[in-house]
Structures are given as C-alpha cells and as structure tokens.
1. Looking at the range 60-104 only, could you name the residues that are in contact (Cβ under 8 Å) with a residue 24 or more places away in the chain and over 21 Å from K140 (Cβ atoms)?
2. Consider L152 carefully, then state whether it is in contact with a Phe, Trp or Tyr (Cβ under 7 Å, 6 or more places away or on another chain), assigned to a helix (DSSP H, G or I) and either modelled with pLDDT under 80 or polar (S, T, N, Q) (or both).
3. Report whether or not E86 is part of a helix (DSSP H, G or I) and either surrounded by fewer than 14 Cβ atoms within 10 Å (Cβ to Cβ) or not assigned by TED's automatic domain parsing to the domain that holds M135 (or both).
Amino acid sequence: MKSLKSCHCCGLIQHVPPLANNEAASCARCRSRFADEKDRAKSANRTAAAAMGALVLFWPAVLLPILRIEQLGHSHQSSILSGTIELFQHGSWLVGGVVFLFSILFPLTKIVLLLELSYFELLHRQHKSFTLRLMEHLGKWSMMDVMLLAFLVMLVKLGDMVEFHLGPAVIAFVMCVAMSMLASISFDPHLIWDGDDDTL
C-alpha cells in the first residue's frame, strides 16, 4: 500500500510505494531521500544525546564562577546566576530580568523541549505542534551564545584597565553552547510526524 508523503526539501506531496529493506525512497522532483525508521532513530538519538549533554553542562555553566575581576587590589567573582541575583538585589530589576530570561530560563526550556521531542515523548501527539513552535520561538530568544560573545568583547576592551581571570564555568559554558547548537542542528522537525502519515 502506498504512503502519501511530503518532501522535506521541495514540499512535493507524492505517493511513496513500499520498498525493500535495502532500498530508500526519493522525491520524484528533487531526488531528496525520504527518511526511514533508521534515519528517524539516528536523528532522534543524535539530538537527544546533544541535548542531554547541554543539560548536564548547563548547571556548572550557570552555577560555577565564570569570571574573577581584580581592580585596584579588590577581587570579585560571580557566576551567571549569582550575578543575576546581585542585579535584583541592587534594584536593577529590568536588567536582571532580561539576563535571567534570555540567558537562563529560555535556553534551559529549549534544551528540555528538545529532549521531549527527540527522546522522552511524554506529551500527546496533538501537543507536538505547539511544543515544536514553542521551541523554535525560544531558540530565537536564547542568548547564551550572545552572552559568550559579550564576555569576549568585554575582555578585549577592558584588558588594559582590569585584570580578568576566567573561572571554571567558562569551559562548561562554551561546551553547553556548542552542544545546544549541535542539538538544534541535528534535530529534524519533519521526522516527528513521519509516523503519522496516512496511507492511501
């Protein structure tokens, strides 16, 4: 029985006949290969592994000291989370809220949603669309990589005025950003619907 599928590359909807185990269906228009069960499993495993790595690295990246500043004999070190709390304590609610949302809450939520879509699958099928859209929106507003660039720019501009010492969270922070980006790149949103294709 033929399956009705849409090409993920050109969007052409076409009938795909059942093939032998070693064969792979391809699009009649652009010749892109349709994903099979093995492809779905590989994509889900890659995304889940990268997202789990990002989740594990997220906590030391946020909780451990990321920067120690020495100026005129005074030394101060803080983590991303403690720095956010200090902003709140000093009355900088807007700046603290922005840092908390875009550098902590949104990236963490995006990682958890990637794990849900690729591995856990705890939500019902009808919630997949909302979860996918939410993850894509959060991905646009997650600013961990932007914050990393801001740290580097600050080190370059203030290097002659202030002495900086990178904390242990820097390695975890860089790796967390890399793993999060890898999870986003390896995740194929089309694959989560392939099991729901109607047959004609």
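The values are calculated or read from the model by the stated rules, or taken from the named source; none is laboratory data. Note that the coordinates shown come from a computational prediction; the quantities given were computed from them, not determined experimentally. Every residue, glycine as well, gets a Cβ built from its backbone with ideal geometry; the counts of neighbours run over all protein chains shown.
1. P60, L63, L64, P65, I66, L67, R68, I69, E70, Q71, Q77, S79 - these are the residues of the range 60-104 that are in contact (Cβ under 8 Å) with a residue 24 or more places away in the chain and over 21 Å from K140 (Cβ atoms).
2. It is false that L152 is in contact with a Phe, Trp or Tyr (Cβ under 7 Å, 6 or more places away or on another chain), assigned to a helix (DSSP H, G or I) and either modelled with pLDDT under 80 or polar (S, T, N, Q) (or both).
3. yes
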